[in-house]
Structure formats: C-alpha cells, structure tokens
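These notes are about the structure you will find just below.
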Amino acid sequence: MKTGTEATLLVHNDTSGAVLACREGLSFWGGVDPDTGTIIDTHHPDLGASLAGRIVLMPTSRGSCSGSGVLLQLARNGQAPAALVFREPEDILTLGAIISARLFDRPIAVLRLPAETYEALSRAEDAEIKGERLSFAGRRIELSRPESRGLSLSSRDRDMLEGRGGPARRLAMEVLCLMAAAQGAKDLIDVSRAHIDGCILAHDANLDFAEKMDEMGAKAVVPTTMNAISVDRENWRSQGVPGEFGSKASRLADAYVNMGARPTFTCAPYLLDDVPGEDEAIGWSESNAVIYANSVLGARTQKHPDYLDLFVAITGRAPNTGVYLAENRKPVCEIRVEPPRSFDDALWPMLGWLAGSRSPAGIPVLTGLEHLSPAPDDLRALCAAFGTTSAAPMLHVRGHTPEGGLPLAAGADLLEIPLDDLRELWREFNAGDDRIDLVAIGSPHASLAETRRLAECLGGRRCHDGLRTIVTVGRNTLAGMQAEGILQRLQQAGVQVLPDLCWCSITEPVFPGDASVIMTNSGKYAHYGKGLTGRDMRFGCLEDCAEAALTGRAKPGLPAWLTEGR
C-alpha cells in the first residue's frame with residue numbers, strides 16, 4: 001500500500017490548465033454552483049472564483065458528503081475542474097471523479113501530492129498532466145497509482161468482483177476496492193446498516209446515477225435508511241411544486257426505495273427508534289449524521305461520499321480504514337474553550353463551527369466544557385456545524401462524548417476558542433437586516449424535543465403577519481408531534497411543519513420566494529444558507545427564533561451572554 005508520501009495519481013485523465021490554489025478546503029455541495037463551477041460559499045476566502053477547466057488545489061475537501069454528486073454534475077455539463085489536487089487524504093471528490101469516469105465517461109484527474117510538491121505547484125501559473133507525469137514550471141513529477149491487488153478480500157468479496165452477485169454489485173465492489181487502495185486500507189469490513197445521502201434532487205446527476213443503478217439490479221443487503229428528499233413526498237402536488245421537478249424528485253426517492261432502502265426521508269437517522277450502538281460498524285453518509293454517530297453514539301463509520309453509500313449498502317462492505325480503526329479515532333489537537341459564564345443554546349453550533357475551522361482536517365477534542373450539561377440537541381447542533389468547516393468525521397468533547405477521554409495523538413497541537421472569536425462569528429452569522437421574512441428550523445431535521453421547546457417558546461401566540469415560520473422534520477418526529485399535540489399547537493400559531501425535505505433541499509415555491517432575510521438556530525444553515533438561497537441570514541438560539549417569528553424582527557447587537565467582560 002502507498003504511504004501517502006508519494007505523488008499519487010488517484011484518477012487518470014490527460015489534461016492541462018491554469019492553476020487555482022484555494023486557501024481553504026471547500027464543500028462542493030453548498031459551496032460550488034453545480035451549473036457554473038463558481039464558488040458560492042460566502043464564508044470561503046475564494047468566493048466568486050471559477051473552478052471550471054482549472055487545475056484546482058486545496059488541502060482536502062470539507063463539508064457535505066454530497067460534493068461527489070456536484071462534481072459529477074459539473075463534469076456532465078462541461079464545467080468541472082480540469083484536475084483536483086490534494087495535499088491530504090480526500091474521499092468525497094475522489095469518489096465523484098471515479099463515478100464520472102466509470103459510469104459516464106467524463107474523467108477528471110485527481111492527484112494527491114506531498115507537501116513540498118503541492119506548495120510548489122500552488123505557486124505555478126499552469127500545469128499539465130499526461131500519462132503518469134505532472135509537469136509545471138519546468139518540473140516533471142512522476143506519479144504512482146494505488147494498487148488494489150494487495151487487498152485481503154473474502155471469498156464473498158471475490159465472488160462479487162467476478163460478477164456472481166450481478167453487475168451492480170460487481171461495479172460496487174470494483175469501486176470499493178479502488179477507494180480502499182487510495183485510502184491505504186488492507187481489507188474491507190462488514191457493516192451492519194447503511195444510510196443513503198444522495199437522494200436529494202440537487203441536480204440531474206443524482207437521478208441519473210440512481211436510476212442507472214436501479215436498472216442494473218442493485219439491492220441493499222443491509223438495513224438501509226434514506227436522507228431527506230427534495231419534496232414532501234405525499235403533498236408536493238398541493239404545494240405548488242412544478243410537476244417536472246416534483247416528478248423527478250419522486251423518481252429519485254422511488255429508485256432508492258426500489259433498491260431496498262426504507263423511506264425514512266430524514267437527515268437525522270440517529271433520531272429513529274433503532275440507533276447504532278457503541279463500536280458498531282455502520283456505513284453512513286450525510287455529514288452531520290456521520291459526525292453525530294461517531295462522536296456522540298460511539299459508532300464507527302467513515303464519512304462516505306454520496307454514491308459510495310449505495311455501494312456499501314448493496315455489498316455490506318466498506319474499506320477498513322479511517323475511524324473504523326481505533327488508532328485513528330484519537331484527537332490530533334486539543335481545543336480549549338473559554339465558555340462565557342452564562343449562555344444559551346446558540347453557543348453549541350458556534351463552538352462546532354469554530355472547532356471545525358481550527359481543525360479543518362483532523363479530529364479535535366474540546367476541553368473546558370466539562371462542567372456544562374449539553375442536551376442531545378446541543379451536541380447534534382455542535383456536530384452539524386462542525387461538519388461545515390472540517391473534513392473530519394468526528395470530534396470529541398471531554399466529559400460528554402464516549403471517547404472524550406482518549407489520549408491525544410503524538411505531536412498534537414493545543415488551540416483555543418476565546419470569547420472574542422465567538423463574538424466575531426456572531427457578527428458574521430448576523431450580517432442580514434433585523435427585519436425577518438422567514439424563520440427556518442430543522443437543519444438538520446428538528447427533534448421532537450426541539451419542536452416541543454419551540455411550541456413552549458411561542459406560548460400559544462400567533463406568528464407575525466407577513467412572516468413565514470417553517471420547521472422541517474422526519475416522518476417519525478412528525479408522528480411523535482401528532483401524538484403529543486405539538487403539531488396542532490404549532491399549526492395554530494401559524495407554523496408550517498414539513499416532513500421529508502429539509503433546508504438543504506427546499507426550493508421555491510415551498511421556500512417563500514419573496515423572503516429576503518432568513519432567521520435560523522442552525523449553525524449549518526447559517527453557513528450554507530446565503531450560498532444556497534441568495535438570501536441574507538440571521539442566527540440565534542431557539543428562543544430568539546421564536547421571538548423573531550412573533551415580532552418579525554431579530555434582536556440587534558450581541559446577545560447579553562457575549563457582552564460580559566467588555
């Protein structure tokens with residue numbers, strides 16, 4: 001297996017182009033326009049740059065597992081990078097390039113380079129990849145290829161590779177072996193369950209992939225749940241959704257159901273009745289779900305890219321690498337937090353976002369919070385926001401997560417999150433006007449406890465005229481709301497509760513087209529919202545969101561808990 005110190009050609013294509021060296025990693029989903037290749041992440045330093053036709057460098061990707069699908073869409077419409085070059089291990093875009101080449105004959109070169117070569121290339125104006133050689137600025141770098149022949153495979157693995165399980169499983173096993181070789185895995189591991197992320201109709205590539213795999217006879221062999229989709233599956237026709245879009249979104253969902261996935265339609269599978277146990281090896285996609293499963297539940301899963309999640313589901317196998325292995329779950333840095341003396345639930349997503357920015361590629365442990373008592377909703381808000389700024393599949397919180405007491409890895413860094421950084425992030429998250437048009441709850445899907453608290457905060461009062469308040473939930477949470485009477489209380493207050501879709505997938509007209517400013521309690525949506533919708537964002541705790549829903553305005557300035565000591 002490769003050591004990671006060599007210049008490696010992960011996906012081949014002869015190409016050339018101008019060099020664009022991104023200063024930070026990038027989530028292609030929510031960060032890149034899938035039609036134009038332009039960076040739309042408003043928090044990224046290279047906002048507005050075009051990736052199309054360029055040799056794009058970044059340390060690694062970050063954020064959503066759905067970046068693989070965005071890359072496939074870019075390749076299909078001729079707006080993909082000429083090549084992607086990484087300095088650190090990367091799975092999501094690499095997998096997208098493999099699928100683009102193998103299923104759609106649209107190859108995109110992918111390289112991983114040692115630090116010195118990467119830095120030298122970042123200073124070049126242009127580069128060429130031809131055969132197994134990279135050329136730039138008068139230098140020629142020989143590239144090696146990962147070899148899957150050294151993998152230790154079971155007899156069942158070999159049967160699938162030889163096509164005995166049908167063409168879909170053969171393709172899945174071929175790609176799993178390629179990814180395992182690229183990741184330096186020695187073998188594959190059994191998984192007990194899977195979660196599919198790529199069922200959102202963010203672009204036609206997701207639909208084409210799913211229907212192609214369905215036609216090939218793909219069938220899940222382990223219990224498999226599904227992410228949120230792009231419509232309220234039962235009610236979209238009455239909500240004004242255009243027929244073509246609603247039909248395509250339904251076909252995409254149906255394709256995965258045909259392949260054996262349960263129609264759970266939630267981005268929060270950890271809220272279902274049957275949750276993974278500690279040390280259970282699972283095959284999940286969806287960044288917030290992966291991070292929560294690893295960090296809070298103590299289960300074990302890599303952050304599998306979209307499309308690879310289906311391959312895991314139909315084989316029951318995954319590369320035995322990354323955080324499946326105990327030695328790779330140790331924190332590579334300690335982030336000391338200076339919590340304010342008093343605070344509200346907005347603290348947790350802010351800490352997650354800042355922790356990810358401090359540790360964009362490695363697993364951190366947060367310390368200084370041992371005396372606090374975060375609720376499950378606080379921890380999932382932390383995990384979801386962490387996933388927007390870090391590529392790591394988990395984090396630890398000392399005193400609050402199962403492996404929070406693990407020793408630091410050798411050479412671990414010591415970092416800090418002071419109060420001033422929280423204040424700066426609050427201002428960044430609250431760049432929009434005080435007047436609110438839309439209150440958005442449920443990114444990721446709201447829990448039963450969160451909807452109960454929202455109803456309590458509203459206290460039987462009616463939401464402000466001219467403002468929309470929308471909560472997105474999974475079907476199981478909706479059933480719990482109905483049983484407790486929460487749904488009726490929220491609806492009487494003027495709140496719209498939507499199952500199946502989420503804020504990552506909602507589109508007009510279900511998303512109010514006349515809304516200019518969105519208020520949310522989600523660090524994830526505060527990060528992605530402007531890039532996805534073009535609207536300005538406001539952020540606050542759940543009580544702040546309820547107050548905005550009642551008054552039509554967000555509170556100005558810093559909250560009281562961020563003004564102490566000033």
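The values are calculated or read from the model by the stated rules, or taken from the named source; none is laboratory data. Just so we're clear, the structure is a prediction, and the values are computed from it rather than from any experiment. Reconstructed Cβ throughout: ideal geometry from the backbone, glycine too, with neighbour counts over all protein chains shown. In case anyone asks, the SASA skips ligands and DNA or RNA and just uses the protein heavy atoms, side chains included. Shrake-Rupley method; radii C 1.70, N 1.55, O 1.52, S 1.80 Å.
Tabulated data
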item	result
Antiparallel DSSP beta bridges within the chain, percent to nearest 5	30
Where labels lie 7 Å past Cα in the beta-carbon direction, separation of residue 18 and residue 49 in nm	1.2
Point-to-point label distance, residue 372-residue 274, nm (Cα→Cβ direction, 7 Å offset)	3.5
11 Å beta-carbon shell around residue 289, net charge (K/R +1, D/E -1)	-1
Principal axis dimensions, the chain - Cα atoms, whole angstrom, descending	66, 52, 42
Reachable lysines, given that their alpha-carbon falls under 16 Å from the alpha-carbon of residue 248 and they are not under 8 places away in the same chain	212
Ellipticity estimate at 222 nm from DSSP helix runs (n ≥ 4, -39,500 (n - 2.57)) divided over the chain, nearest 500	-9500 deg cm²/dmol
Accessible heavy-atom area order of 445, 400, 12, highest first, probe of 1.4 Å	12, 400, 445
Tensor-based shape of the stretch 40-180 (alpha-carbon gyration tensor, a/c under 1.5 rounded, otherwise prolate or oblate)	prolate
Highest average packing first - 275-283, 474-482, 460-468, Cβ atoms within 10 Å	474-482, 275-283, 460-468
With all protein chains modelled, accessible area of residue 296 [1.4 Å, Å²]	30
Portion, in percent, of the accessible area of the chain that falls on carbon or sulfur, probe 1.4 Å	46
The stretch 290-425: Cα Rg divided by the 2.2 N^0.38 Å rule of thumb	1.05
Cα gyration tensor shape of the stretch 136-211, rounded if a/c is under 1.5, else prolate or oblate by comparing a/b with b/c	oblate
Phi to ³J(HN,Hα) by Karplus 6.51 cos²θ - 1.76 cosθ + 1.60 over the stretch 152-160, Hz, x for Gly, Pro	8, 10, 6, 5, 5, 4, 5, 4, 5
Per residue solvent-accessible surface (Å²) - the chain, probe of 1.4 Å	36
Relative contact order [Cα under 8 Å, 6+ residues apart], the chain, whole percent	14
Nearest-10 value in Å² for the accessible area of residue 133, using the 1.4 Å probe	90
Cα-based Rg of the stretch 275-319 normalised by 2.2 N^0.38 Å, two decimals	1.05
The stretch 79-178: antiparallel DSSP beta bridges as a percent of all, rounded to 5	65
Phi-based couplings in Hz for the stretch 125-132 (Karplus 6.51, -1.76, 1.60; Gly and Pro marked x)	7, 8, 7, 9, 10, 9, x, 10
³J(HN,Hα), Karplus 6.51/-1.76/1.60, whole Hz, each residue of the stretch 368-374, x for Gly, Pro	x, 10, 4, 7, 8, 10, x
Total formal charge among the other residues, if their Cβ is under 11 angstrom from that of residue 412, Lys/Arg +1 and Asp/Glu -1	-1
Fraction of the pair-distance distribution of the stretch 448-512 above 19 Å, Cα-Cα pairs, percent	30
At least 18 Å along the helix axis (C-alpha) and Kyte average at least 0.5, DSSP helices within the chain	167-183
Rounded FRET efficiency, nearest 0.05, which uses the C-beta distance separating residue 416 from residue 560 and R0 of 30 Å	0.85
Cα-Cα P(r), the stretch 49-93, percent of pairs per 10 Å interval	28, 60, 12
Value of Rg/Rh across the stretch 221-353 [Cα atoms, Kirkwood radius]	1.05
P(r), alpha carbons of the stretch 71-118 - 10 Å bins starting at zero, rounded %	28, 51, 19, 2
Kirkwood-based shape ratio for the stretch 1-57, expressed as Rg/Rh from alpha carbons	1.03
Fully extended contour minus Cα-Cα distance, from residue 116 to residue 433, at 0.36 nm per residue	109.6 nm
37 °C / 0.692 mPa s Stokes-Einstein diffusion coefficient of the stretch 387-526, Kirkwood radius on C-alpha pairs, µm²/s	186
